[in-house]
1. Amide H to amide H under 5 Å from Phe165: which residues, 5+ apart in sequence or cross-chain, H placed 1.01 Å off N in plane?
2. Have a look at the chain and give its Rg and Dmax from the Cα atoms, expressed in angstrom.
3. How do Glu92, Glu149 rank when sorted from fewest to most other Cβ atoms within 10 Å of their own Cβ?
4. Among Arg145, Arg199, Arg163, determine the one that fluctuates most according to a GNM of the chain built with springs between C-alpha atoms less than 10 Å apart.
5. First measure r as the distance between the Cβ atoms of Ala101 and Ser191, then evaluate 1/(1 + (r/R0)^6) with R0 = 30 Å and state the FRET efficiency to the nearest 0.05.
6. Using 7 Å Cα-to-Cβ label points, what is the Ala54/Gln6 separation (nm, one decimal)?
7. Through the Karplus equation 6.51 cos²θ - 1.76 cosθ + 1.60, θ set to phi - 60°, convert the phi angles of segment 122-127 into ³J(HN,Hα) values in whole Hz; use x for Gly and Pro.
8. In Å and from the alpha-carbon atoms only, list the Rg and Dmax of segment 146-191.
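Rule-based calculations on the coordinates, nothing more; no lab input. Quantities reported herein were computed from a predicted structural model and do not represent experimental measurements. Virtual Cβ from ideal backbone geometry, glycine too; neighbours counted across all protein chains shown.
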Amino acid sequence: MSGAAQPTRIKICGIASVADAEAAAAAGANLLGLIFAPSSPRQVDVETARRVVAAVRGRCLTVAVFQDASVDAINAVVAAVGCDYVQLHGRESPAMSGGLARPAIRAVIVEAETSEAEVRAWATADNVAHLLFDRPKDVMGAGGRAGLERLWAAAQATPVGRRSFLAGGLSPDNVAEIVERWRPFGVDVASGVESAPGRKDLERMQAFCRAVRACGAAGEALR
């Protein structure tokens, strides 16, 4: 829903322990990502995810991240864990989102073959609350920046697209520049605030959140 401008939301993804979840919440994160994709070094099991969700409920929203899982498998995890959102990060189709038990965040990979039509299809699909643009690491170069500009413009023509997150290569050192340039609804970070894959660093999380907060307000009210 629309409303007064709010601070840029901060999603810290790849949370793999209650301790890291508590630290991320204390640092100022708004959303925590719990990865269930087997290919990820940050994969979390259902019981750990359930304890994370319980520990931060009322302080952070939680996002269960999947890659090419079935609707039934996703909904079973959602029921067991109690998360607020589902993030789709694979080759899923827009039609799939309507069957999910929680609102969806769709990851859009910024690549040459990603089309504006694909972005618009996800932005107008049932039960999709946000898009998340996962940028190539060279996005500050001409090629990556042009690709993001093309897809970002397509998203901004839709209400859901205007509630988009940016991810990919973010860190405490560069996030302020990215927020000032793109004014996203939110930013998403994983490795940029870690001491090792799946192990979050408190000082880096604090520095990341401070850098984002210093950029001021952008976006709409989080639903």
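1. Those qualifying (amide H under 5 Å, at least 5 residues apart or on another chain) are Leu131, Leu132, Phe133, Gly186.
2. That works out to 16.0, 44 Å for Rg and Dmax.
3. Glu149, Glu92
4. Arg145
5. 0.55
6. 2.7
7. Per residue, the Karplus-derived 3J(HN,Hα) values read 5, 5, 10, 6, 4, 6 Hz.
8. Gyration radius and largest Cα-Cα distance of segment 146-191: 10.8, 31 Å.
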